[in-house]
Amino acid sequence: MLPRQLDPRRWEERTPQPLPTRGWCRTARQDPITGLVAFPDFNAALPTMIGECFGAGQSLGLAIGDVDGLKEYVERSRDVDPRAFGHMAGCALMNELGSVAAQWFDDMPYDAGCVATFGGDEVIVAVRLDRQERSLFPERLGVLRDRMIERLPRTVSFGYGVFPHDTVLGERDDARETADLMLGSVDQMLFREKAAVRAAGRTVQGFLITFPVPHG
């Protein structure tokens, strides 16, 4: 069962946590709310991450998670708790999300990867995958989703893709374009599915959906 509400001042007392990185983004800035890799530094490093994976004949696992119903949660929190002014309740939720994501990453066996934050209510996972880990990525991502269900007052839905070294997205010789298309494709798949669930009259509650990656 989802907890009903987090203390809106919780994020101000966050215990410092190590930056959730391994091999990548080690000098990146840390987002002050979530403790995750700040998006500008993640975004700048992504083309290099892709190049390292593809150059070694390995795959990149990329996932974007978006909090379900965060706006409604923040508004409801403001209605019942005067301390939850502005986006305080959202900050508390994202602080807890960052802690859950960092612990999950610490428990995973990836030799290269990081967890970043994006847009105020999203989390990004990027990891290098060998042949065995390629097939396990959805299962491991499901563990993260389930831990968030246990700890957060709202679910988090994920779109993800496993991009092998022969992935074809746009111009292969343009690393920046490839990185942008990867992020954009996964993000678009995630929000299309959210819209489809709502259009069907259902509540979005922590799904996982994959982007069908085109190969060369």
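The values are calculated or read from the model by the stated rules, or taken from the named source; none is laboratory data. Since this is a predicted model, take the numbers as computed values, not measurements. Cβ: placed from backbone, ideal geometry, glycine included. Neighbour counts: every protein chain shown.
The table for this structure:
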item: Some residue of the range 120-130 being surrounded by fewer than 16 Cβ atoms within 10 Å (Cβ to Cβ), farther than 20 Å from residue 42 by Cβ, charged (D, E, K, R) and touching a residue at least 24 places away in the same chain (Cβ under 8 Å); result: yes
item: Residue tally, condition β-branched (Val, Ile, Thr), assigned to a helix (DSSP H, G or I) and over 30 Å from residue 53 (Cα atoms), over the range 179-204; result: 1
item: Condition check for residue 176: in a helix (DSSP H, G or I) and under 25 Å from residue 87 (Cβ atoms); result: no
item: Enumeration of residues in the range 149-165 that are over 10 Å from the mean Cα position of the chain (by Cα), under 30 Å from residue 214 (Cβ atoms) and not aromatic (Phe, Trp, Tyr); result: 155, 161, 162, 164, 165
item: Any chance residue 66 is of a type in the set (D, E, K, R), surrounded by fewer than 21 Cβ atoms within 10 Å (Cβ to Cβ), under 22 Å from residue 153 (Cβ atoms) and touching a residue at least 12 places away in the same chain (Cβ under 8 Å); result: yes
item: Residue among 28, 63 that alone is at pLDDT 95 or above, assigned to a loop (DSSP other than H, G, I, E, B) and either out of contact with any helix residue (DSSP H, G or I) (no Cβ under 7 Å at 6 or more places or on another chain) or not aromatic (Phe, Trp, Tyr) (or both); result: 28
item: Pair list, Cβ under 8 Å, 6 or more apart: the range 174-187 residue within 18 Å of residue 118 (Cα to Cα) and surrounded by 16 or more Cβ atoms within 10 Å (Cβ to Cβ), other residue modelled with pLDDT of 95 or more and among the polar types (S, T, N, Q); result: 179/43; 183/43
